Amino acid sequence: MRKKDAGALFMDFHVSPDDRVGGNPKKTRGKAKPQPASKSKPTAKTPKSPRATKNSRVEPRVDSFDTVYADDGYDDEEDVRPQRGRRPKPKKTSGRRQRKPLTFGRIIWKLFTWLLVLGIWAGIAVAGVIGYFAMQMPASTSWAIPERPANIRIVAANGQLMSNRGKTGGEAISLREMPYYVPAAFVSIEDRRFYEHFGIDLIGLASVALESVRAGEVTRGASTLTQQLAKNLFLTRDQTLERKAQEAMLALWLEQNYSKDEILELYLNRVFFGHNATGIEAASQTYFGKSARNLSLGEAALLAGTVQRPSTVNPKTNPEAAAARARLVLQSMAKEGYISDAEAKAAAIDPNQRIRTKVTGSESYVADWVETLMQAYIGDVTEDVIVSTTINWDLQKQAENIVRTAVETHGKEKGFSQGALVAMDVDGTVRALVGGIDYVQSQFNRAVTARRQPGSTFKPFVYLAAMEKGYTPDTVADDAPFDYNGWSPANSSGKYAGPVTLRQGLAYSLNTIAARLAIDVTPQVVVDTATRMGISSPMQAVPSIALGTQEVSLLELTGAYAPFANGGIGVIPNVITRIETASGKVLYEQIPAGPGQVIAPEVVGEMNDMMTTALEIGTGKKAHLNGWPIAGKTGTSQKARDALFLGYTSRMVTGVWLGNDDDTGTTLSGGNVPTEIWSEFMTIAHQGLPVSDLPGGFTPADPLDPNLAPMEAAPTVNPQDIQQPQAERPRRNLMDALGDIFGGG
């Protein structure tokens, strides 16, 4: 028996193996001697142990020990069980916990648990992927918003916007400049939790994931406006895991460094809307011809609905789909509380109503020309600039309509499909320029870029060289066939008038007279004279130059006629008056400049004498201008591929060209449709202006015999004829000079 601890409230009995009946001390652990039996007597009657067998003695037992010792009362370190008798089998118990019944609540709980675990692992995986790709990117301290490409805003003389040029197609505008419903339209349809998330919309991602699982495919994207901006600013459009991871990181960076309104403003000025329009202002000008500052609610909804698929769903390419998408935008705006249901219904576009979009007009030809001049004027354009031009907006639209109507009316009949017009003040200030009948269909500028044979409109430069040599409009020359080193210029009618004055020769556009003069003054002098007047295209000094076989542009040809109208002062066609930054800093201001006096005043008078006659009795007699003194010259190239008319008053010079881009022949002449276009346009341009005379006087010429006078002849040219003529010989008198020109007779 173990000693009782001091203060114990009960006796601690310990039964040794020796106390058991039938005990075998030899089988006890170790070699310790058996302890003497306890002399204490139990204080209570001990119940008979279930393990006691017949004739065995009753074991002492204390009930309080049941919770301390094992069922059999043995010390854990001693195996003292009796060896006789059969031990009762213990009750078998299962190692598994009994299953509870499966209820709906438990199913939901298990599903939630598994989803939570899956979400945690997915988050870890995503974080790992993002971390991996983050290591491939530069340090975030080096990240910066790239500069927006500079915009060139081109306006007419009255401030009317003609076009935006640059990579974006429009200037950047601030959020506060837009009507409130413009940014609201984009937020409601693209990212309705924009002001709540941190750059990545976890709720939206979960919603799209669940929706895609149900559909068995990816139904839609879940990128936030911030993510879309990150893609537009920094990344490509490749659909790769790396790009999506980088997009997420950049979105977080944007949210950390910029306010929500700043992000939204950046987004609206950088998102692509189709048709080469990047940014809300460019889109508004492209589709509606107005600033984003003036968008209506319905127009804002149309643009907001475009950004999802800008190349295929926009007001120009697919107006029906764009209108349907706009209705969804309006519904979303009403649902989010930006507008009322009544406002959404009122702004929705009727499916049967055609969406009216801006039609790109001829002013875009002017804008193209202006854009090509920017480098020469201010160098590289590194910030938004405003370019003020000389264009008269009303005259520009009038010219566009007149040329287009003429092509539509006469084109099929006379076999031509294109037209161009240039109108400028007599000082070279360009007021209207039409480079074609439809800019959307063809951006080729037939007024500035195209080089065509001017035909007889080049002859005034030949006559000018002759006047400067000493001839006069009354000088008599012989309209007759001749041969010069194998070249035999002829009138297209095959008829010849015989002796005529130079005034009559120019009026009736006689090829033989122009050819004889060119040979007399030399082709090189003709080239020099035309260059001095403003022709900048390269020209060969050949006799056939007298018939307008060298290609020039309509713009330079019109400018070269200006000295005839202004008293002999050379001009440089000008379209830009001022260039300034968006903040008002002036980068360029026009200063009057030019080559100065290029024709003597008396010679100007002689030229106007002859070219006035050309419109009085000659090939340009269909030209008219309500009592204004006018002068000019018609022109038709070989096989009537080109038909031109150049005419002027003391206030304005206008040139018209008609023909085909593929250089096929027509049945036109400079004296019919081009002259009609000129007369109609110049009549509008001179409304309200006081009539004034041309520089110098003129003497009406007697008409030639109508049976002999040829109509304007298309030149017949030998391409091999590039020989220089004889050098000019000293003239004893006028008759000697004529003999030199015409070879006698």
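The values are calculated or read from the model by the stated rules, or taken from the named source; none is laboratory data. None of these values were measured; they are calculated from a predicted model. Note that we place each Cβ from the backbone using ideal geometry, even for glycine, and neighbour counts take in every protein chain shown. Quick note on the areas: whole protein, heavy atoms, side chains included, nothing else; ligands and nucleic acids left out. Shrake-Rupley method; radii C 1.70, N 1.55, O 1.52, S 1.80 Å.
Couple of notes before you dig in:
- Measuring how big segment 339-406 is from its alpha-carbon positions, Rg and Dmax come out at 19.5, 54 Å.
- Segment 373-394 and segment 464-537 have Cα centres spaced 42 Å apart.
- Extended-chain gain in nm, criterion 0.36 nm per residue less alpha-carbon gap, THR236 and THR449: 73.1 nm
- Total formal charge among the other residues, if their Cβ is under 12 angstrom from that of GLN246, Lys/Arg +1 and Asp/Glu -1: 0
- Set LYS290/LYS316; LYS414/LYS639; LYS495/LYS622; LYS244/LYS335; LYS290/LYS335; LYS358/LYS397 screened for pairs whose C-alpha atoms are more than 18 Å apart: LYS495/LYS622; LYS244/LYS335; LYS290/LYS335
- Where ASP350, ASP394 fall by accessible area, highest first, once all protein chains stay in place (1.4 Å): ASP394, ASP350
- Label-point gap, in nm, between GLN308 and ILE684 - each point 7 angstrom along Cα→Cβ: 4.3
- Ordering 552-560, 306-314 by mean Cβ neighbour count within 10 Å, with the highest value first, yields 552-560, 306-314.
- Local electrostatic count at LEU266 - Lys and Arg +1, Asp and Glu -1, tallied over other residues with Cβ under 13 Å: -1
- Each part gets one Cα centre, and for segment 595-668 versus segment 413-447 those centres are 16 Å apart.
- Less than 5 angstrom separates the built amide H of ALA477 from those of VAL500, THR501, LEU502, all sequence-distant by 5 or more or on a different chain.
- Taking a sphere under 13 Å around the Cβ of THR512 and counting the other residues whose Cβ falls inside, with K and R at +1 and D and E at -1, yields a net charge of -1.
- Put THR317, THR278, THR636 in order of accessible area, highest first, and with a 1.4 Å probe you get THR317, THR278, THR636.
- Across segment 408-418, rounded Karplus estimates of 3J(HN,Hα) from the backbone phi angles (6.51 cos²θ - 1.76 cosθ + 1.60, θ = phi - 60°) give 5, 7, 10, x, 5, 5, 9, x, 10, 10, 9 Hz, Gly and Pro being marked x.
- For segment 364-456, GluC sites (Glu not before Pro) are listed when DSSP marks them as loop and at most 14 other Cβ atoms sit within 10 Å of their Cβ; the list is GLU383.
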